[in-house]
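Chemist: Dumping the structure here so I can ask a few things about it.
No lab work stands behind these numbers, since they all come straight from the coordinates. This is a predicted model, so every value here is computed, not measured. Reconstructed Cβ throughout: ideal geometry from the backbone, glycine too, with neighbour counts over all protein chains shown.
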Amino acid sequence: MNIIETILNGGVIVYPSDTIWGLGGDATNAQTAARIIEIKQRHPDKGMIVLVPDINMLRQYVERIPDIAYELMEKSLHPLTLIYPKGRHIPRPIAAPDGSVAIRVVRKGFAHDLIKASGKPLISTSANFSGQPAPVSFHEIDPRLLAMTDYVVTLHRQKIMSRPSRIIKLLPDGTYQIIRD
């Protein structure tokens, strides 16, 4: 099975995101999310990041895009994840218990092309067991974790990835709070 078929059939993949090596799959599939939580040994109340390739797909998964979101995305020089107060069509446990959803628009690169090709937003969480450091290189990923997934991307294995994205929570009153800088 190729990577697109794996995503469309609810599989879990290991792939180079726009920040670090990630575990992912179809962000509209609750079973895929549950399996990622099981693999990572992660608490189910901790939401996950969703990657989309553009504003058009973003609009499908959030109730509203506040003006400040456009401004923050435009000014950001590095990958930026925004937490929107109300998501839609994103199941628990990807969305947080309060219904908010963390989404990053990926503008270029492998993850961008993969999302476009599959037509599905991707779950993006670090390819590590909970509590371990996020892998910036493929060789830092625990082989036991790799063995639990359905597809491992072979591209960019020598590349050292950047750091995790900046995370900003958009508040209902039009302001925002920096969660991770």
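Chemist: For the chain, what is the calculated [θ] at 222 nm in deg cm²/dmol (nearest 500), taking -39500 (n - 2.57) for each run of four or more DSSP H residues and dividing by its residue count?
Modeler: Using -39500 (n - 2.57) per qualifying helix, the result is -7000 deg cm²/dmol.
Chemist: Then there is this: Just add up the charged neighbours of residue 97: K/R +1, D/E -1, any other residue whose Cβ is under 10 Å from the Cβ of residue 97.
Modeler: Net charge in that neighbourhood comes out at 0.
Chemist: Moving on. By its C-alpha gyration tensor, with a ≥ b ≥ c as the square roots of the eigenvalues, how is the range 74-131 shaped: rounded for a/c under 1.5, else prolate for a/b larger than b/c, else oblate?
Modeler: Rounded is the answer for the range 74-131, as its axis ratio a/c remains below 1.5.
Chemist: Further, regarding this structure: log10 I(q)/I(0), Debye, Cα-only the range 136-181, no solvent, q = 0.17, 0.26 Å⁻¹?
Modeler: Scattering profile of the range 136-181, log10 relative to I(0): -0.68, -0.96.
Chemist: Candidates [x] 0.99; [y] 1.72; [z] 0.93; which is the computed Rg/Rh (Cα atoms, Kirkwood Rh)?
Modeler: Looking at Rg/Rh (Cα atoms, Kirkwood Rh) for this model, the match is [z].
Chemist: Enumerate the residues in the range 13-49 having an amide nitrogen under 13 Å from the point lying 7 Å beyond the Cα of residue 132 toward its Cβ.
Modeler: The answer is 21-23, 39-42, whose backbone nitrogens lie closer than 13 Å to the label point.
Chemist: Do any trypsin sites (Lys or Arg not before Pro) in the range 39-100 lie in a DSSP loop with no more than 15 other beta carbon atoms within 10 Å, and if so, which?
Modeler: Values: sites: 40, 42, 46, 59, 64, 75, 86, 88; in loops: 42, 46, 64, 86, 88.
Counting only loop positions with at most 15 other Cβ atoms within 10 Å, the trypsin sites (Lys or Arg not before Pro) in the range 39-100 are 46, 64, 86, 88.
Chemist: Here's something else I'd like to know. Between 61, 70, 15, which gets the highest mean-square fluctuation from a Gaussian network model of the chain, Cα cutoff 10 Å?
Modeler: 70
Chemist: Can you figure out the FRET efficiency of residue 156 with residue 45, using R₀ = 22 Å and their beta-carbon distance, to the nearest 0.05?
Modeler: Computed FRET efficiency for residue 156 and residue 45 comes out at 0.10.
Chemist: Using the Cα centre as the reference, give the magnitude of the dipole from point charges on the C-beta atoms of the range 3-180 (Lys, Arg: +1; Asp, Glu: -1; all else neutral), rounded to the nearest 20 debye.
Modeler: Computed about the Cα centre, the dipole is about 180 debye.
Chemist: Okay, moving on. For residue 152, list long-range residues whose amide hydrogen, built 1.01 Å from N in the peptide plane, is under 5 Å from its own amide hydrogen.
Modeler: So residue 152 has HN proximity to 14.
Chemist: Could I ask something else about it? Give me the one-decimal nm value for the distance between modelled label points at residue 74 and residue 117, 7 Å along each residue's Cα-to-Cβ direction.
Modeler: According to this spin-label approximation, the distance is 3.3 nm.
Chemist: Quick one: if the Förster radius is 30 Å, what FRET efficiency do residue 110 and residue 9 give, using the C-beta to C-beta distance and rounding to 0.05?
Modeler: On the way: r = 20 Å, r/R0 = 0.67.
My answer for the efficiency is 0.90.
Chemist: If you only keep lysine pairs separated by 8 or more in sequence, or across chains, how many in the range 3-180 come under 20 Å at the Cα atoms?
Modeler: The number of close lysine pairs in the range 3-180 is 9.
Chemist: Ok, one more. Nearest 5 percent is fine: what portion of the DSSP beta bridges confined to the range 3-180 is antiparallel?
Modeler: 65
Chemist: Just to be sure I understand the model, the point goes 7 Å from the Cα along the line to the Cβ. What's the resulting residue 60 to residue 177 distance in nm?
Modeler: 3.1
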